[in-house]
1. So which residues in region 130-167 are part of a loop (DSSP other than H, G, I, E, B), open to solvent by 10 Å² or more (accessible area, probe 1.4 Å) and closer than 18 Å to residue 90 by Cα?
Amino acid sequence: MPLFVRLIGAALLMAAAPALPQERSNDQRPLFPAEQEWLGEHNAERAELGLEPLRWSHALRRDAQSWADHLAARGAFHHASHEQRQGQGENLWMGVRDTYTPWQMIDGFLAEKRIFRPGVFPEVSTTGRWSDVGHYTQIIWPETREVGCATAVNRRNEVLVCRYWPAGNVMGYRLDPRERLSRR
C-alpha cells in the first residue's frame, strides 16, 4: 500500500479516536500516539480482510514493555518462553534506534503478506516455512481480540514487542481471512 495511503488511513483512525475499539475496554486510559499508530496499523490490515478490529490492552502493553526492557538491557533478540508469555502471542521487531516510526515497525510484520497463502497452519507460506509469515498470521488471526505493544532502546537498537490475546498461530487450524477459523 502506498505510503500516503497508510498515512491518511492512520490519520483518519487517530481522528476517530473516541470510537476506536480500545474505548470499549475496562481501562479507559488514553493511548499515546505510538500506541494509536500500532493499533491503527493492526486494524487497518484486519479491516482490509474483513476481520474484527483488535482492542488495545494496557495489560498486554505492560507485559510487552517488561520483555522489551529485558531484551534491550541484554542486547538480546528472542521470544519469551511460553511459560513467560502465559498463553499470549508475541511479535518482535528490532532496528537501529531513533530511525523508524511506529507504523514502519508494524509494516515490517505486514510485509510478510506477500508470501502468505491461506492454508492449514503451519502450511501458510509460499516458502514452505511458516516462520516467514508468523508475524503477519498473528496479526490476522481471526480469534485474536487484543493487542498491546511497547518499545525499549539500548545504545544501538530499538526493540518492539507486541503481545496478543488470545495467541494465534495454532497448529492444525485453517487460516483463511475470507473464512471462519476452523480446525482441520
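The values are calculated or read from the model by the stated rules, or taken from the named source; none is laboratory data. All values derive from a computational prediction rather than experimental measurement. Neighbour counts are summed over all protein chains in view; Cβ atoms, including those assigned to glycine, are modelled from backbone coordinates with ideal geometry. With ligands, DNA and RNA removed, areas are computed over all heavy atoms of the protein, side chains included. Shrake-Rupley method; radii C 1.70, N 1.55, O 1.52, S 1.80 Å.
1. From region 130-167, those part of a loop (DSSP other than H, G, I, E, B) are 133, 141-145, 154-156, 166-167; that's our starting set.
Imposing the further condition that a residue be open to solvent by 10 Å² or more (accessible area, probe 1.4 Å) reduces the set to 142-143, 145, 154-156, 166-167.
Scanning region 130-167 gives 142, 143, 145, 166, 167.
Table: residues versus (1) open to solvent by 10 Å² or more (accessible area, probe 1.4 Å); (2) farther than 19 Å from residue 107 by Cα; (3) touching a His at 6+ places or on another chain (Cβ under 6 Å).
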{"residue": "33", "(1), (2), (3)": "yes, no, no"}
{"residue": "36", "(1), (2), (3)": "yes, no, no"}
{"residue": "41", "(1), (2), (3)": "no, no, no"}
{"residue": "46", "(1), (2), (3)": "no, no, no"}
{"residue": "49", "(1), (2), (3)": "yes, no, no"}
{"residue": "56", "(1), (2), (3)": "no, no, no"}
{"residue": "64", "(1), (2), (3)": "no, no, no"}
{"residue": "70", "(1), (2), (3)": "yes, yes, no"}
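One line per residue, one yes/no per condition, for (1) of a type in the set (Gly, Ala, Ser); (2) open to solvent by 30 Å² or more (accessible area, probe 1.4 Å); (3) out of contact with any Leu (no Cβ under 8 Å at 6 or more places or on another chain); (4) in a helix (DSSP H, G or I):
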position	(1), (2), (3), (4)
79	no, yes, no, no
83	no, yes, yes, yes
94	no, yes, no, no
113	no, yes, yes, yes
127	no, yes, yes, no
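Table: residues versus (1) outside any helix (DSSP H, G or I); (2) more than 11 Å from the chain's Cα centre (by Cα).
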residue: 28; (1), (2): yes, yes
residue: 46; (1), (2): no, no
residue: 53; (1), (2): yes, yes
residue: 61; (1), (2): no, yes
